[in-house]
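Rule-based calculations on the coordinates, nothing more; no lab input. Keep in mind that this is a model prediction, so the values were computed, not measured. No Cβ is skipped: glycine too gets one built from the backbone with ideal geometry, and neighbour counts run over all protein chains shown.
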Ligand SMILES: NC(=O)c1ccc[n+]([C@@H]2O[C@H](COP(=O)([O-])OP(=O)(O)OC[C@H]3O[C@@H](n4cnc5c(N)ncnc54)[C@H](OP(=O)(O)O)[C@@H]3O)[C@@H](O)[C@H]2O)c1
């Protein structure tokens, strides 16, 4: 497989670093020069990564393409390029549907969408993909947990989860800030906050939303501290607002 990356931004760079460092990907990788500091550092760090000045050169040299530009750039980027019918295109753009991609990427028909998250750099995290793609499975499984979906609407519901990353990190950071304000050194505050959230999210064998909800109930000692926070946030409509934001994201993801 010769891999081409169109859009060497935050997630594109994380993807390439994960593939090589964790996934032990050994093939050629061509990346676009745009975001020169990222593309240059990738080619400096890895002999198998080369930088192309033009996107078309990447297409001409590669069989498998990862599209990682911003949503508003996708149409013009694809329409400026001559894709081949034997190209395989994996779009990791969050909000462009398969239908739009198919129109803009013709005659390429092997088109897939995935949503890797930044921890792909360390080989962890979910990678939803739609439709399922057996050819990409080994590569993606080397850097995360592949969740294959045939239904794009279900894929969009999963994509909503990826819009909660910043909110999550904000909670981690607020936890640490509070401790620091209480006099803890920054390192210990950050260590406690990251270790606590990591342990809570990472160590469970619960398999459905009811069991996950039970984990919340299990923390609720009557009259206890967790109950005070949960009920306080619930009374302030915090969870209803979160659900409303998720509905809004799903609607936005369905537009194009
Ligand atoms: N960040 C995440 O955690 C994440 C997760 C999953 C999916 N995504 C999706 O991945 C995409 C990229 O996100 P990002 O956060 O990585 O954004 P980003 O850092 O802004 O990356 C976008 C990249 O596209 C480049 N670019 C723009 N026009 C181009 C062109 N004509 N040819 C080649 N490259 C071009 C930009 O170069 P310049 O800087 O030179 O303009 C930049 O390197 C988005 O669609 C986003 O929805 C992001």
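Condition first: under 20 Å from residue 35 (Cβ atoms) and surrounded by fewer than 15 Cβ atoms within 10 Å (Cβ to Cβ). Can you find one or more residues in region 105-112 that meet it? No, every residue in region 105-112 fails to be under 20 Å from residue 35 (Cβ atoms) and surrounded by fewer than 15 Cβ atoms within 10 Å (Cβ to Cβ). Scoring residue 255 on the criteria (1) surrounded by 11 or more Cβ atoms within 10 Å (Cβ to Cβ); (2) in contact (Cβ under 8 Å) with a residue 24 or more places away in the chain; (3) not in a helix (DSSP H, G or I) leaves a single failure, condition (1). The one condition from (1) more than 8 Å from the ligand (Cβ to nearest atom); (2) closer than 15 Å to residue 59 by Cα; (3) more than 16 Å from the chain's Cα centre (by Cα) that residue 5 does not meet is (3). Could you please find all residues in region 10-38 being more than 11 Å from the ligand (Cβ to nearest atom) and on the phi > 0 side of the Ramachandran plot? Across region 10-38, the qualifying residue is only 24. Filtering region 66-78 to residues that are without any contact (Cβ under 8 Å) to a residue 40 or more places away in the chain and either away from the ligand (no atom under 11 Å from the Cβ) or surrounded by 15 or more Cβ atoms within 10 Å (Cβ to Cβ) (or both) leaves 74, 75, 78. Residue 63 passes every criterion in (1) within 12 Å of the ligand (Cβ to nearest atom); (2) closer than 23 Å to residue 138 by Cα apart from (1). Check region 180-200 and report whether any residue there is under 25 Å from the mean Cα position of the chain (by Cα) and outside any helix (DSSP H, G or I). No, because not a single residue in region 180-200 is under 25 Å from the mean Cα position of the chain (by Cα) and outside any helix (DSSP H, G or I).
Filtered by the rule that a residue be surrounded by 14 or more Cβ atoms within 10 Å (Cβ to Cβ) and either more than 14 Å from the ligand (Cβ to nearest atom) or within 19 Å of residue 61 (Cα to Cα) (or both), region 39-48 gives 39, 40, 42, 43, 46, 48.
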